[in-house]
Amino acid sequence: MGNPQSDTGAWGAVKNRAAALLSIGQTRLELLGNELEVARIKAMRQLMLAQALMFCVGLGVVLTVIGLALLFWEQRLLVLGLAGAMVWILALYLYLALRRGAKRIEPVFNASLAELQEDLRQLKAASGHGRSAD
């Protein structure tokens, strides 16, 4: 049969390899969890800022229009018409900016995918699958 020393060595190598794979898996899961948390925090922050911005802009527009209508009472219809037109123009601009920003959003798991691809490349290289035949 085989030498007990070599069986222990082979078994030890298998255990070491399994431990290394588990460690890699744990690291990748932690990285994925961190990326999810960062993405959640960014999304919540952006949502809160957008809501605060919308409130301030809305209130500012209403107060400005009221002030202009009171200031130019005789031309109140002109003031209200111009204010309405400016609000619609601003809304169009914000819509286009929102569409532009939505196109630039990068996938959430870029770092995890890159690390997993690198791990796969290294495992293939270590097992001989990555080598070309002579």
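Every test in (1) open to solvent by 50 Å² or more (accessible area, probe 1.4 Å); (2) of a type outside the set (A, V, I, L, M); (3) over 30 Å from Glu115 (Cα atoms) is passed by Gly81 save one, and that test is (1). Among the residues of the stretch 95-121, those identified as at pLDDT 85 or above and either of a type in the set (A, V, I, L, M, F, W, C) or not in a helix (DSSP H, G or I) (or both) are Leu96, Ala97, Leu98.
Could you tell me whether the stretch 65-72 includes any residue that is exposed (fewer than 11 other Cβ atoms within 10 Å of the Cβ) and at pLDDT 90 or above? Taking every residue of the stretch 65-72 in turn, at least one turns out to be exposed (fewer than 11 other Cβ atoms within 10 Å of the Cβ) and at pLDDT 90 or above. Return the residues of the stretch 26-53 that are open to solvent by less than 60 Å² (accessible area, probe 1.4 Å), free of Cβ contacts under 8 Å to residues at least 12 places away in the same chain and within 14 Å of Ala111 (Cα to Cα); say none if nothing qualifies. The answer is Gly33, and nothing else.
The values are calculated or read from the model by the stated rules, or taken from the named source; none is laboratory data. Because the structure is a prediction, the values reported are computed rather than measured. Ideal geometry is used to build each Cβ from the backbone, glycine not excepted, and the neighbour counts take in all protein chains shown. In case anyone asks, the SASA skips ligands and DNA or RNA and just uses the protein heavy atoms, side chains included. Shrake-Rupley method; radii C 1.70, N 1.55, O 1.52, S 1.80 Å.
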